[in-house]
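Heads up: the structure comes next, in structure tokens.
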Amino acid sequence: MEESHAARESRLRELASRLLFTLSNEGSLYSLHREADVSQPIRHDGLTLDEVEETLNTWKLRGPNG
């Protein structure tokens, strides 16, 4: 069974939180922000939910230093 949009968004918000990102949405697009444990703040704007998931999974695989 395919995950609902709301369930997927909730799961990605939890992952973002664990990776010290803030996930916000602006209409149908999303933004990721991270200021903790990085030399320069990181901001990704205008992302689809697929792009959010890809970005967070990449950070998760890279480890604590991104």
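I need every pair where a residue in segment 1-24 that is exposed (fewer than 15 other Cβ atoms within 10 Å of the Cβ) has its Cβ under 7 Å from the Cβ of a residue that is modelled with pLDDT of 95 or more and part of a helix (DSSP H, G or I), sequence separation at least 6 or different chains.
These pairs meet every condition: T22/A16.
L12 - would you say it is touching a helix residue (DSSP H, G or I) at 6+ places or on another chain (Cβ under 8 Å) and at pLDDT 95 or above?
Criteria met by L12.
Among residues belonging to segment 29-66 that are of a type in the set (D, E) and in a helix (DSSP H, G or I), point out the one that is surrounded by the fewest Cβ atoms within 10 Å (Cβ to Cβ). Steps first, please.
So the first thing to find is which residues in segment 29-66 are of a type in the set (D, E), and the list is 35, 37, 45, 50-51, 53-54.
Next cut, in a helix (DSSP H, G or I) only: 50-51, 53-54.
Values: D50: 9, E51: 14, E53: 18, E54: 12.
Checking each candidate, the answer is D50.
Got at least one residue in segment 16-28 being over 12 Å from the mean Cα position of the chain (by Cα), part of a loop (DSSP other than H, G, I, E, B) and either of a type in the set (A, V, I, L, M) or at pLDDT 95 or above (or both)? Before the answer, list the steps.
Of all residues in segment 16-28, those over 12 Å from the mean Cα position of the chain (by Cα) come to 26-28.
Those still in the list that are part of a loop (DSSP other than H, G, I, E, B) too: 27-28.
Now narrow it down to the ones that are either of a type in the set (A, V, I, L, M) or at pLDDT 95 or above (or both): none.
So far as segment 16-28 goes, no, none of its residues is over 12 Å from the mean Cα position of the chain (by Cα), part of a loop (DSSP other than H, G, I, E, B) and either of a type in the set (A, V, I, L, M) or at pLDDT 95 or above (or both).
Scan segment 29-42 residue by residue and report those that are within 10 Å of the chain's Cα centre (by Cα) and at pLDDT 95 or above. Give the steps one after another, and end with the answer.
The initial filter retains those residues of segment 29-42 that are within 10 Å of the chain's Cα centre (by Cα), namely 30-34.
Listed by number, the residues that qualify are Y30, S31, L32, H33.
The values are calculated or read from the model by the stated rules, or taken from the named source; none is laboratory data. Just so it is clear, the structure is predicted and the values come from calculations on it, not from any experiment. Note that each Cβ is placed from the backbone with ideal geometry, even for glycine, and that neighbours are counted across all protein chains shown.
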